[in-house]
1. Tell me which residues, restricted to the stretch 125-136, are touching a Leu at 6+ places or on another chain (Cβ under 7 Å) and either at pLDDT 90 or above or closer than 28 Å to A88 by Cβ (or both).
2. Which residues, taken from the stretch 60-117, are among the acidic types (D, E), surrounded by fewer than 17 Cβ atoms within 10 Å (Cβ to Cβ) and closer than 27 Å to P44 by Cα?
3. Given the criteria in a loop (DSSP other than H, G, I, E, B) and free of Cβ contacts under 8 Å to residues at least 12 places away in the same chain, does A110 qualify?
4. Any residue at all in the stretch 42-59 that's among the basic types (K, R), exposed (fewer than 11 other Cβ atoms within 10 Å of the Cβ) and either on the phi < 0 side of the Ramachandran plot or in contact (Cβ under 8 Å) with a residue 60 or more places away in the chain (or both)?
5. Can you name the condition, by its number, that L138 falls short on among (1) surrounded by 14 or more Cβ atoms within 10 Å (Cβ to Cβ); (2) more than 14 Å from the chain's Cα centre (by Cα)?
Amino acid sequence: MSTALASRSRYIPWLFVAGFAVVISVNAIMITFAVSSFSGLSTPKPRDRGLRYNTIVAAQQSQDAPGWRVDTAWRADANRLELAVSDASGRPLTAARVSAELVRPVEKRAPIGVALDDLGNGRFGGRAELPARGNWDLDVVVERDGQRFAVTRRMFLQ
C-alpha cells in the first residue's frame with residue numbers, strides 16, 4: 001500500500017462520523033421545532049370519548065332534529081358578529097337565547113365570548129375584539145322552549 005493511499009484512507013472513518021453528526025444535528029433541530037410548535041390541542045380523555053362515540057352521535061342527531069339554521073356574518077370594519085337564526089321552514093326564530101364564543105383552532109388560548117344583543121326578528125349581533133386575524137371557530141348555542149341547538153362554523157376573520 002502506498003503512503004499516499006494510506007494517508008487518505010485514515011480520513012474515511014471520520015467522514016462517516018461527520019455524516020452521522022450532520023444527520024443527528026438536523027434531526028435534533030427538526031424534533032425541537034416539532035415539539036415547540038405543537039399547539040397541544042387535543043380531546044381530554046380521548047379513550048372515554050371513543051367509547052361513548054355512539055352516544056355522542058345520537059345526541060348530535062337529536063339536537064339537529066328541529067332543523068334550526070344559523071347564518072353568520074362578520075363585519076371586519078366594526079369587529080361585529082351578526083347572526084340570523086331561523087327554524088326549519090326559514091322563519092325567524094324568535095324568543096330564543098343565543099350565545100357565541102370564538103375559539104382559535106391553532107392556539108391554546110381561552111375562548112372569546114361574544115355578548116350578543118337581540119336585534120329582533122331572529123337576528124343577533126355583538127362586538128368582539130380579536131387578538132389576531134385568521135381562522136377562528138365560532139361556537140353558537142341556541143336555546144328555546146327546552147330545546148338546544150349548537151353549531152360550529154370555521155370563519156376567516158380580519
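The values are calculated or read from the model by the stated rules, or taken from the named source; none is laboratory data. Quick caveat, the model's predicted, so the values are computed rather than measured. Glycine gets a Cβ as well: all are built from the backbone with ideal geometry, and neighbour counts include every protein chain shown.
1. G125, G126, A128, W136 - these are the residues of the stretch 125-136 that are touching a Leu at 6+ places or on another chain (Cβ under 7 Å) and either at pLDDT 90 or above or closer than 28 Å to A88 by Cβ (or both).
2. D64, E107
3. Working: in a loop (DSSP other than H, G, I, E, B): yes; free of Cβ contacts under 8 Å to residues at least 12 places away in the same chain: yes.
In short, yes.
4. Of the stretch 42-59, the ones among the basic types (K, R) are 45, 47, 49, 52.
The next check asks that each one be exposed (fewer than 11 other Cβ atoms within 10 Å of the Cβ); those that pass are 45, 47.
From what's left, either on the phi < 0 side of the Ramachandran plot or in contact (Cβ under 8 Å) with a residue 60 or more places away in the chain (or both): 47.
Yes, because at least one residue in the stretch 42-59 is among the basic types (K, R), exposed (fewer than 11 other Cβ atoms within 10 Å of the Cβ) and either on the phi < 0 side of the Ramachandran plot or in contact (Cβ under 8 Å) with a residue 60 or more places away in the chain (or both).
5. With (1) surrounded by 14 or more Cβ atoms within 10 Å (Cβ to Cβ); (2) more than 14 Å from the chain's Cα centre (by Cα) applied to L138, the lone miss is (2).
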